[in-house]
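For reference, the structure discussed in these notes is given below.
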Amino acid sequence: MLPVQIVLFDGFDLLDAIAPYEVFSAAEISAPGALRVTFVTAEGPRAVTSGINGVKLEASGKLALEHPGILVVPGAAGGIEGDGPDSIPAILARTANTELTPLLQQALGQPDAIVATVCGGSLVLAMGGLIEGRPAVTHHLGMEALAATGAVPIQARVVDDGNLVTAGGVTSGLDLALYLVERELGPRIAHAVEQLFEYERRGTVWRAQGITPHQPTAVEKPQHATAPPVAQLDDAMQPSAFDGEWDTSIATPVGKMLVKLRIATTDGAIHGTATQGDDVSELLNAELRGNLLCWSLRIAKPMHLNLKFEVSVDGDQMSGIAKAGLLPASKLTGMRIS
């Protein structure tokens, strides 16, 4: 018997969870004894509050990895914009920082497990650093954020990367479940469910197989000089007003992130590092735009993201923002300490 575990968390989207549940339940009727679908959580049996009007579903057990089968991770429901605790980015980020992430990491390492996601569920894995370099899809509004985590965004309804199968926004949970029924139980069972639901699966499932499509390239103008790897300052900005060591705080949806910046100007170019706990990273693609210093930074805490920074200084005070995709911009404040 194939276990199907739909993983609930506080703030989950109802349709992301219910649509696959109904598909797998119908498959269970068409193929008695072939599979069993249940709602679970990372913590164990409990009532789980969704992000839709506080509607609750009862999870009957804890996510089991002894015989994992198919694990389905839904997305979240809430506000799209803003950084409040009930916004989708905040819910996904909180979920990525629970014990669910190590359980999913363990599942991805097991040969008998398939981890599937609907909508923002792939962002839960991505923010936890679990799918870096792997093809995946999420809701179209989250594709930029998915790329910012290091995953490879694919514009498809369903993306099959072996033991990782991801689906796009909300209603694609139907397509994900129907595809997995066909993949695991065969096309006749999937067809029977489609007939029962009066619904036919949409789109072509993307897989890294077959001939790679030719991608026409735009004609590029010849470059007379190679751009320097770091920003060059004009005469008015030397020495850089940004030079020195800075204690900064970034207000993210899941709490404050403390980062120590070291910025220096050498031969007209800006270099720097960012220290977060024991992690030290180079400031990437530093660039001065007017009175703003901009750079990119790869962080692992409180979630895995490629952040883009824009900051300005006023004496020994620094202020600005850090942003990744659709995630709300996080306010940065800091003080020069040397």
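The values are calculated or read from the model by the stated rules, or taken from the named source; none is laboratory data. As the structure is a computational prediction, the values presented were derived from the model and not from experiment. Cβ placement follows ideal geometry from the backbone for every residue including glycine, while neighbour counts extend to all protein chains displayed.
Per-residue answers, yes or no, for (1) out of contact with any Gly (no Cβ under 8 Å at 6 or more places or on another chain); (2) over 17 Å from GLY128 (Cα atoms):
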{"residue": "LYS62", "(1), (2)": "no, yes"}
{"residue": "GLU66", "(1), (2)": "yes, yes"}
{"residue": "ILE70", "(1), (2)": "yes, yes"}
{"residue": "GLY78", "(1), (2)": "no, yes"}
{"residue": "GLY84", "(1), (2)": "yes, yes"}
{"residue": "ALA93", "(1), (2)": "yes, no"}
{"residue": "PRO102", "(1), (2)": "yes, no"}
{"residue": "GLN105", "(1), (2)": "no, no"}
{"residue": "GLY109", "(1), (2)": "yes, no"}
Of the conditions (1) surrounded by 15 or more Cβ atoms within 10 Å (Cβ to Cβ); (2) over 20 Å from GLN195 (Cα atoms), GLY44 fails just one. Which one is it?
(1)
Would you mind finding the one in GLY133, GLY142, GLY173 that is over 15 Å from the mean Cα position of the chain (by Cα) and either of a type in the set (Gly, Ala, Ser) or over 20 Å from LEU65 (Cα atoms) (or both)?
GLY173
The range 47-83, residues that are free of Cβ contacts under 8 Å to residues at least 24 places away in the same chain and surrounded by 15 or more Cβ atoms within 10 Å (Cβ to Cβ)
LYS62, GLY79
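Taking the conditions exactly as written (part of a helix (DSSP H, G or I) and either within 21 Å of TYR21 (Cβ to Cβ) or in the same structural domain as THR38 (by TED's automatic domain parsing) (or both)), does LEU130 satisfy them or not? I'd like the intermediate steps shown before the answer.
Working: part of a helix (DSSP H, G or I): no; either within 21 Å of TYR21 (Cβ to Cβ) or in the same structural domain as THR38 (by TED's automatic domain parsing) (or both): yes.
Answer is no for this residue.
With the condition kept exactly as written, say whether any residue in the range 147-169 is assigned by TED's automatic domain parsing to the domain that holds GLU22, assigned to a helix (DSSP H, G or I) and β-branched (Val, Ile, Thr). First the steps, then the outcome.
Keep residues of the range 147-169 that are assigned by TED's automatic domain parsing to the domain that holds GLU22, which gives 147-169.
Pick out the ones that are also assigned to a helix (DSSP H, G or I) and you get 147-148.
Next, from what is left, pick out any that are β-branched (Val, Ile, Thr): none.
Scanning the range 147-169 turns up no residue that is assigned by TED's automatic domain parsing to the domain that holds GLU22, assigned to a helix (DSSP H, G or I) and β-branched (Val, Ile, Thr).
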Where residues in the range 143-188 are out of contact with any Lys or Arg (no Cβ under 8 Å at 6 or more places or on another chain) and of a type in the set (S, T, N, Q), which of them is surrounded by the most Cβ atoms within 10 Å (Cβ to Cβ)?
THR166
So ASN97 ticks every box in (1) at pLDDT below 95; (2) within 17 Å of ALA167 (Cα to Cα); (3) surrounded by fewer than 22 Cβ atoms within 10 Å (Cβ to Cβ) but one. Which box is left unticked?
(2)
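Mind counting the residues in the range 160-207 that are of a type in the set (S, T, N, Q) and in contact with a strand residue (DSSP E or B) (Cβ under 6 Å, 6 or more places away or on another chain)? Give the steps one after another, and end with the answer.
Here is the first cut: in the range 160-207, the ones of a type in the set (S, T, N, Q) are 163, 166, 171-172, 195, 204.
Narrowing the set further to residues that are in contact with a strand residue (DSSP E or B) (Cβ under 6 Å, 6 or more places away or on another chain) leaves 163, 166.
Number satisfying all stated conditions: 2.
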